[in-house]
Structure formats: C-alpha cells, structure tokens
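Heads up: the structure comes next, in structure tokens.
The values are calculated or read from the model by the stated rules, or taken from the named source; none is laboratory data. Since we're looking at a predicted model, the values are computed, not measured. Don't worry about glycine lacking a Cβ; one is built from the backbone with ideal geometry, like all the others, and counts go over all protein chains shown.
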Amino acid sequence: MLYHNLKYSLKVLLKNKGLIFWTFAFPIILAIFFKLAFSDIENKEKLDIINIAVINNEEYNSDEIFKNTFAELSNKDSENYMLNITYTDLSKSKKMLDNNEITGYLLFSNNEVNIIVKNNGINETILRYIVDEIQSNKEIINNLIENEIRENNNFSIDYKTITENVKKQVLDNNIKLNNISNKNLSYTMIEFYTVIAMACLYGAMLSMYIVNMKLPNMSNVGKRISISPSNKNKIILGSLFASYILELIGISILLIFTSLILKVDYGNNLPLVFLTAIVGSLAGLSLGLFLATVIKTNENAKIGILISVTMLECFLSGMMGITMKYIIDKNIPIINKINPANMITDALYSLYYYDSLKRYSLNILSLLIFSIILIVISYITLRRQKYDSI
Amino acid sequence: MTVFKTFWKIVKKYKGTIILYTVMLIAFGGINQIANENETDFVNSKPNVIIVNNDEEKGLTKNLIDYIKNNSNIIDIKNTEEARNDAIFFRDANYIIYIPNGYRNDILKGLNPEIEIKSSGDYQSSLAEMILTRYLKTQSIYNKEIKNETELINTINKTLKKKSIVEISSKLNTDEITKISRFFNFASYSIMAVILYIICLVLYSFNKDIVKKRTIISSMNYKKHNKLILFASSLFALLICILYMILSIILFKESMITTRGLIYLLNTFIFTFTALTLALLVSSLVNSKEAISGIVNVVALGSAFLCGAFIPVEFLPEQVLKISRILPAYWYINSNELLKTTEILNLSTLKPILIDYLVMIIFGIIFIIINNLVTKKKRVS
C-alpha cells in the first residue's frame, strides 16, 4: 500500500510541469543569474591601479622627493606599484578628467600640491592619502635635519646622507602587521546559499500539492480516498515520501550544479553541506504539509501564502542583498532564529566561514525542531477528521 | 466597450501584483534617498574600522586610537570575536586593529611590536591599512630620534596633520543623479515585470479556448476586438509608465523638472513601449497560466540581473554586458548611465543616448513583426 501510493504520487508530481519548473529549474536559473551578475563584484572592489595625471611643470620637476616616489609608485615591477601616471599639460589633464580616464590630476604650484578630482570617492581619497604621505615624508626629513642641527650644533652636516637615510627608512617597510582574518571572505556566496534555502523551502510546493490531492475537502481524488477502507496514515506517508524523494533529487542536482559548474564554494565539509540540504528539505516538506492541512482555503491561496512566506524568509536571510541578513542578525536576532531560510543559509555560511561547528549544529538543531513542530501540528489536525457533508 | 471594460476588470483582479512591484520600487528608491547631502568641498571616504585595544588607553596607545578615530568610522559592535568576524564578512567593518597588551611600553622601549589585523580585502580595507601604516611608519621613524613620549606624540601629530588641497572640478551633482539613475535602472525591472505579467495574464483570459470560441462566433468584428485589446493594453502600459514617472518626481522633486529629468522620462517612455510589444509577443506565444509566470519571472529577473537593474553596471563582468546587448533593458540602462555622466547636454553629447532610443524602438518593431507572423500562423492552423 505504502509503495503503491508512493509510486503513483511520484508519477503525479513528475507530470506537473509547473511544479517541476519551480522546484527544479527555477533555483538553477536563479543561481546562474547570480553567478553572471556577481562573479566580478568582489574583484572590482579590490584596490586597483589608479590612473592619474601630473602636470609636468618646472616646480614638479624640481621636487626630487615627489619625482622619486612617483617613479617608485608607478614602476610596474615594484611591490609598491599603485599609480599609472601620465605626465602632461593642464588642458590635456582636464580633458582626461572629463572623459573619466583619470581619477584626478596634480598641479604643483606655489609650494603646494593641488589635487583636482571630479567628485568625492574612494580612489580620490586614496590619491589624497598618497600625496599626504609624501608631504609628511618631506616634513619628516626636514624635522630630522632640524633635530640634527639642534643636537649637534654644528654646521658640517651631511644633508645628503641624512636625506638618503630617512628616505630609506620611509620606503623600508618595517611595519609588522599580521593579517589573521579567516580565509573565506567571499560574501557573494551568501546569495547562493539563499538559493539553496529557497529551493529547500520551495520543496513545500511538492508536499503541499500531493497532500492536498489526498484531502477530501481539497480534491475529488481525496473524497474517494477518504471513503475507501485504506489506512490514511500510509497514504499520507507515501505521498510525503514521494515528495521528499523528489525534493532531495532536486536539491542534489542544484548542489552539484552550483558547486561543479558555477564553482560556488561550500567550504571543505561536503557531507555536512548535504546534511544541511537533507534537513532543510525536511523543513520544506513539513512547511508544505502544515500549509496543506492547517490552513483551510483553496489551493491557489495556499500557493500564494507559501510563495510569499518563502520569499519574505529568503529576503530576511539575505537573498535580495546580504546586508539584510546582517542587519537582522545584529539587531533583531530572534527573527532570523525562527526563520528556516536563514537557518539553512546560516548553516552553510558557518560551514564556509567558521572552523568550529557550534553555530552549524545549532542551526541544524533549530531546523529539526522547526520541522518536528510543524509535523506534529499537522498530524494533530489531520487525525480523526470527519465530514458530515462536503 | 465590453472588451475594454473586461480588460480592466481582469487587471483589477491582479492589483496585488502591481502593488508588490511598485512597493519594491519605492522601497528601493527610498533606501537610496538616505544617502548624503550635496557636497561642494572634498570629503575623504572613511573606512569602517573596529579597534580592539588590549593595552591601557594612555599616551601613545591613546594617540593611535585617536588618530584612527579621526580618519575612519569606528564601528560599535558587540564585544565578541564572532560578532567581529561577522562584521568583517558582511563588510560592516573593513578592518579590525588589535592593539596588543603592552604596546605603549614596547614602543617606548624602542621595540617594534607586531599588530594583528583583520581585513575584508576590499578598497576600504586598503585605505584603512594605508591610514594605519602611515601612522606606524611616522611613529617608528621619530621613535629612533625622540625619547620623550609627549614630544614624540606632538611631533607625530604635527607631521600627520598636514593635508593637501583637493579641488572638485565637476559642477554636476553626481550624488543626486546617481540616485536618479539607480531608481530608473531598478524601474526597468518593475516596468518589465508588471507589464509582462499583467498583460500576459489578462490576454490569457481572452485567449482561453472557450472564451475565444465565443468571441469568434459573436457579432463583433475581430478587427475591432483586437484593436480594443491593443488599445487597452497600451493604455495600461502608459498608466504604469506615468505612475513610475510621478513616483520619480515625488522622490527626486526639482531634479526631475530639468532637461535631464525630461530625458530620463522620455527614455522610460520608450522602454515601456518596448516592454509592451514584448508582452504582446509573449502572450501570443504562451498559452498556459503556469508557463506565463515562469517565463515572465525568467525574462524579467534575467534582464534585471544581466543588464544592471539590481547591481550597478560597473560591477558587472564585461562578458555579461556583451551578452546582455540582446536584451532591450541593456539599452535603457545604458542611456540612464550615459545621462549620469554627461555633464553638458547638447545634440552631440546626446547622440549615444539617441542611438540607445533607436535600438529600443527597433526591438519594439521586431517584436511586433514576430508577433504578427506568429498570430497569422496560428490563425491559419
């Protein structure tokens, strides 16, 4: 009986093209869109070589420190390579700035360096910091020379040696910074995790559809089943198994596709990624069962509720911008603690970013509790249902 | 008139969808509004930094903290490592500086203590690192010469105080125009989704077999029937277009009542025309309700993601932008972006924008031609 029902439930589900599109194809299409749109975003946020122009006038040419430093900063073989400098005249620089070819240009006049930029921005700020730093290096040199004069109180100072010495110190990077950040810092991964979460919860469509079909108040098939002498537990169980199997197949295809073809990074612990998908699908399954049994309305309204609930949950877990997840996690954590889409996203995130499994286990546990609660409520609602007339 | 009235009756049934996409657009435009005021003086960009101080906040340590505070935004966050790690991952903070215990004493002893940092690896974090290393370098050079702490602090601060002059050449209020462009870029998604979805669903109701058969045997001339439907669809598209135009005027006020603003509106109008022709084409190609929502979502989301409605164009990979030229939304967004950077508006600077308009109109004509071919074939069969 269980097997028989399972087989036919599978057939019914597979024949419904709309369902298969939303649960199988749509997450994959969405993941492809994400990949196409987000693949470059992090590279473009890294510090790039800044294009600038320098007005090649007499004052600039007599400024040894600026000239030398710029030579170093625009040397492609140097590890300090940061600037791509065009030496030109004022009108050309203006034109280049207007055409957005350069971030800004520098004009040396009256002992000052004027930085001319088009608008505020990060590259503009970095350009200013570079100029400021060279200016303060100049001041350091002057100060040290003054010091030398004051301390030694003689006039036979070797300016050249001091200048060279200080320049060496300035260029010599003796600052000890130790970067201890975690390695996996690619935040766009969260977007793909939310797609997995969405796919898990969209699985609810399968279980909802098939359970609706077995309910006497929802379909004619349901009416016939309910007057038959068959065991209702087995019928519902068979249907649920069928939708769970399909859901797991869909999620596995999605996981394999995203990790192998779209190169989504799930961290190193693949079995646990699959465990997340299995438990997440269970949450989706129980959500569908819950909506099918507890909410008494027509099928279209149920689908409407399901899609809007899922979309809201995905939105809160960062699908339309990862900042949303962070804002909720930081300010109103309780919302995301009871949000199954976030539990799935957060479980995958903690596998990717954190070494310890504490946060991961908590998420998996929450998903299980979520599923059990919904299943129990649905079971209580479903049992001993009787209709005098429909 | 019956046909026309029925059209609107069905549109009314789907008002929830229209409201949903409009609310999304308003929310998006609204979020963009919270940005800064118009600046005429140069303002440094400031990275977001967290300082974890394990030393006593005194002397040199305090001076370092003060310097970082002056040059960056200090992020206030729960004092746990997990909260800090999350902040770095989600780019709430770009840089974390851990000042080690005994930092001040080590410096005073002439040592060069190692400082641990965490970095998000983007522009802002590079900027934060520049700020930090500049301070540390200056300190380490002076530290060899000056032994007195107060004197050392004063000299460091004096050296770092000097700031060069920055002039802004552009007279264009780029912040505001960027916001307008982003609003209209996002509107391309709302327009596309609403027009495609609603028109396809409504026309589907007219094209259902039983309804269609009844229409055919009715006394109404089919040409008149089609004309009325076309008229109603165009009016619907126009209304949506006007609704979003009014929204933009409410959100951006005076900035929209300029030549530039008018060009944005004209652009949106032409894009609406293209979206309408596409909607008519899709509705004659597809005749199942489930397929409609699938196709509409894929087309609308696809062109939004690939053409830069959600993500600024400058962040999209080159190859994607090449592919997206086959979508009308690319040309719409492209002209919005061009409008953003064109400082002086005259016939020669507007030429590339006019080309975009032309491409969108050609798209529209192609859709109409294909639509005619499809309907003709369907009628014959």
* Here are B:LEU280, B:LEU239: which of them is surrounded by fewer than 18 Cβ atoms within 10 Å (Cβ to Cβ), more than 14 Å from chain A (Cβ to nearest Cβ) and over 19 Å from the mean Cα position of the chain (by Cα)? -> B:LEU239
* Unique match (being more than 12 Å from chain B (Cβ to nearest Cβ) and crowded, with 21+ Cβ neighbours inside 10 Å) among A:LEU348, A:LEU382, A:LEU357 -> A:LEU348
* Structure fact -> Here the qualifying pairs (Cβ atoms under 8 Å; residues six or more apart or on different chains; first in segment B:146-175 and at the interface with another protein chain (Cβ under 10 Å from one of its Cβ atoms) and free of Cβ contacts under 8 Å to residues at least 12 places away in the same chain; second of a type in the set (D, E, K, R) and in a loop (DSSP other than H, G, I, E, B)) come out as B:SER169/A:LYS118
* Name the pairs: first residue in segment A:100-123 and within 7 Å of chain B (Cβ to nearest Cβ) and buried (at least 19 other Cβ atoms within 10 Å of the Cβ), second residue in a helix (DSSP H, G or I) and aromatic (Phe, Trp, Tyr), Cβ to Cβ under 6 Å, at least 6 apart or on different chains? -> A:ILE122/B:TYR123
* With respect to the numbered conditions (1) among the β-branched types (Val, Ile, Thr); (2) surrounded by fewer than 23 Cβ atoms within 10 Å (Cβ to Cβ); (3) under 16 Å from the mean Cα position of the chain (by Cα), which one is the sole condition not fulfilled by B:ILE333? -> (2)
* **Residues that are free of Cβ contacts under 8 Å to residues at least 40 places away in the same chain and part of a helix (DSSP H, G or I), drawn from segment A:256-275** => A:ILE256, A:SER259, A:LEU260, A:ILE261, A:LEU270, A:PRO271, A:PHE274
* To do: Please give the helices (runs of 4 or more DSSP H) falling wholly within segment B:63-163 in which 2 or more residues are basic (Lys, Arg).
  => B:123-145, B:149-161
* Asked: Could we say that A:LEU260 is under 20 Å from the mean Cα position of the chain (by Cα) and not hydroxyl-bearing (Ser, Thr, Tyr) here?
  -> yes
* Among what's in segment A:325-344 and is closer than 13 Å to A:CYS200 by Cβ and in a helix (DSSP H, G or I), pick the residue that is nearest to the other protein chains (Cβ to nearest Cβ). => A:ASN342
* Asked: Given the structure, is B:THR268 of a type outside the set (Gly, Ala, Ser) and either closer than 22 Å to B:SER248 by Cα or away from chain A (no Cβ under 14 Å) (or both)?
  -> yes
* Asked: What is the number of the single condition among (1) in a helix (DSSP H, G or I); (2) at pLDDT below 95; (3) within 17 Å of A:TYR193 (Cβ to Cβ) that A:MET320 does not meet?
  -> (1)
* Tell me, please, whether a residue that is within 12 Å of chain B (Cβ to nearest Cβ), without any contact (Cβ under 8 Å) to a residue 12 or more places away in the chain and surrounded by 15 or more Cβ atoms within 10 Å (Cβ to Cβ) can be found in segment A:70-90. => no
* Looking at A:ILE278, A:ILE253, which is the one that is part of a helix (DSSP H, G or I) and more than 24 Å from A:ASN5 (Cβ to Cβ)? -> A:ILE253
